[in-house]
1. Inside segment 30-46, can you point out the residues that are of a type in the set (D, E) and farther than 15 Å from G60 by Cβ?
2. Quick check, is R52 open to solvent by 70 Å² or more (accessible area, probe 1.4 Å), on the phi > 0 side of the Ramachandran plot and without any contact (Cβ under 8 Å) to a residue 40 or more places away in the chain?
3. Which of the numbered conditions does G60 fail, given that it passes all the others? Conditions: (1) open to solvent by less than 70 Å² (accessible area, probe 1.4 Å); (2) outside any strand (DSSP E or B); (3) at pLDDT below 80.
4. Restricting to segment 63-78, name every residue that is touching a strand residue (DSSP E or B) at 6+ places or on another chain (Cβ under 7 Å) and loosely packed, with under 13 Cβ neighbours inside 10 Å.
Amino acid sequence: QLVGQAARALLTSAEGVGAASSPVSGSEILELPAEGGSTIGEALTNVGLGIREKLQVRRGMVMAAERGVVSTYLHMSQAPGVGSIGAVVALEASSKGDVEGDRTSKVAEIGRKGAMHVA
């Protein structure tokens, strides 16, 4: 759930949009807003205290596909957005028309299968 909050905050921030893939430092992620008025860093600390583990965010990556899709796969997903390991794959088409309409879901499914093999 916390990772989802960080991802949504990155997507809505001005810094998180632009290049096809842009690295984001762990400190930038920790400063993003979380639900309830706290930051991702504060929420991560609270989760760590609850499970008595030190949780860290080292780095992240914002991915975009201008003429394609970004597909994800979560292994052993116990709930939507929760898994033990995951992978993200960006697929670019030669033209925008290649991923419009019903083709989008087919390309996204190919990306999901590719991400499953990466994980």
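1. Across segment 30-46, the qualifying residues are E35, E42.
2. yes
3. Single failed check for G60: (2).
4. The answer is H75, and nothing else.
Quick grid of which residues meet (1) surrounded by fewer than 15 Cβ atoms within 10 Å (Cβ to Cβ); (2) of a type in the set (S, T, N, Q); (3) more than 17 Å from the chain's Cα centre (by Cα); (4) modelled with pLDDT of 75 or more:
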| site | (1), (2), (3), (4) |
| --- | --- |
| L10 | no, no, no, no |
| G16 | no, no, no, no |
| S21 | yes, yes, no, no |
| S38 | yes, yes, yes, yes |
| Q56 | yes, yes, no, yes |
| V82 | yes, no, no, no |
| S95 | yes, yes, yes, no |
| K106 | yes, no, yes, yes |
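The values are calculated or read from the model by the stated rules, or taken from the named source; none is laboratory data. What you see is a predicted model; the values in this text were computed from it and never measured. Virtual Cβ from ideal backbone geometry, glycine too; neighbours counted across all protein chains shown. Please note that ligands, DNA and RNA were not included when accessible areas were found on the heavy atoms of the full protein model with its side chains. Shrake-Rupley method; radii C 1.70, N 1.55, O 1.52, S 1.80 Å.
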